[in-house]
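Heads up, the thing below is written out as structure tokens.
The values are calculated or read from the model by the stated rules, or taken from the named source; none is laboratory data. None of the values given here were measured: they were computed from a predicted structure. Cβ coordinates were reconstructed from backbone atoms using ideal geometry, including for glycine residues, and neighbour counts include every protein chain displayed. The area values use the complete protein model at the heavy-atom level, side chains included, leaving out ligands, DNA and RNA. Shrake-Rupley method; radii C 1.70, N 1.55, O 1.52, S 1.80 Å.
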Amino acid sequence: MGTTEIPHRPLFQIPNFTISGVLPPFIGASPTHPAGMSPYPTTLTRIAAKICGSSERKEIFRGLIAYRRQLANLGMSDGFQWLSGSFMEDIENLETRHPNYIDVVTFFRRPIFATDDVAWKAFVTMNAQQWDKGLVKSMFKCDVFFVDLNTVPSNIVNLTRYWFGLFSHRRGGLWKGLLQIPLNVTMDDSHASEMVVP
């Protein structure tokens with residue numbers, strides 16, 4: 001039995017919302033082509049330019065940038081993030097309201113000083129506020145979820161399956177797309193931050 005090789009995925013221009021008010025779940029003629037499937041790799045500056053037009057969206061996006069900096073300050077900078085939720089939908093026209101926050105799934109490799117399980121548990125305990133979903137949501141307007149890439153492969157597969165299944169559909173079952181950004185903080189963060197000043 002052969003294996004399927006996933007081709008390199010270039011950065012995407014963010015697709016327009018569909019007539020249903022969501023990002024398309026794939027681009028191109030068919031969802032069978034891996035390179036055209038959501039989540040779409042992109043940048044923070046592209047997100048800022050494409051879907052941060054309102055003051056409410058800018059505020060949420062500033063929270064995401066600040067949250068990413070906090071992760072980097074803790075040494076968590078190797079991995080990527082999936083972005084979803086009503087922030088990634090045309091929710092203003094779908095439900096006549098603004099988004100309240102952004103859903104963020106962070107796929108991360110543990111900091112080099114906390115790779116073994118004992119050191120990792122100590123790190124999590126020392127930084128308990130980082131894992132406090134309510135606190136993070138109130139401070140950064142991010143509803144956060146995590147996938148530890150240092151755990152066993154079956155756990156990674158199961159969590160990825162779960163989060164993709166959950167966030168690639170609206171309530172009611174409509175299939176939709178997600179965006180993906182690198183976890184490491186770069187000049188892209190700084191440029192995007194300048195684009196969403198109050």
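General observations
- Test: residue in region 91-98 that is at pLDDT 95 or above and farther than 25 Å from residue 175 by Cα: no
- The lone criterion from (1) over 27 Å from residue 173 (Cα atoms); (2) assigned to a helix (DSSP H, G or I) left unmet by residue 77 is number (2).
- Test for residue 59: is it closer than 23 Å to residue 25 by Cβ and at pLDDT 95 or above: no
- Per-region count, region 76-94, residues without any contact (Cβ under 8 Å) to a residue 40 or more places away in the chain, within 15 Å of residue 179 (Cβ to Cβ) and either within 10 Å of the chain's Cα centre (by Cα) or open to solvent by 10 Å² or more (accessible area, probe 1.4 Å) (or both): 1
- Output for region 94-135, where each listed residue is aromatic (Phe, Trp, Tyr) and in contact with a Leu (Cβ under 7 Å, 6 or more places away or on another chain): 107, 108
- Scope region 49-64; condition surrounded by fewer than 20 Cβ atoms within 10 Å (Cβ to Cβ), part of a helix (DSSP H, G or I) and out of contact with any Lys or Arg (no Cβ under 9 Å at 6 or more places or on another chain); matching residues: 49, 50, 55, 56, 58
- Highlighted here are the helices (runs of 4 or more DSSP H) found entirely within region 101-198 that include at least 3 residues which are surrounded by fewer than 18 Cβ atoms within 10 Å (Cβ to Cβ), free of Cβ contacts under 8 Å to residues at least 12 places away in the same chain and not acidic (Asp, Glu): 117-126, 133-140, 153-167.
- Lone qualifier among 69, 46, 97 - being open to solvent by 60 Å² or more (accessible area, probe 1.4 Å), part of a loop (DSSP other than H, G, I, E, B) and of a type in the set (Lys, Arg): 97
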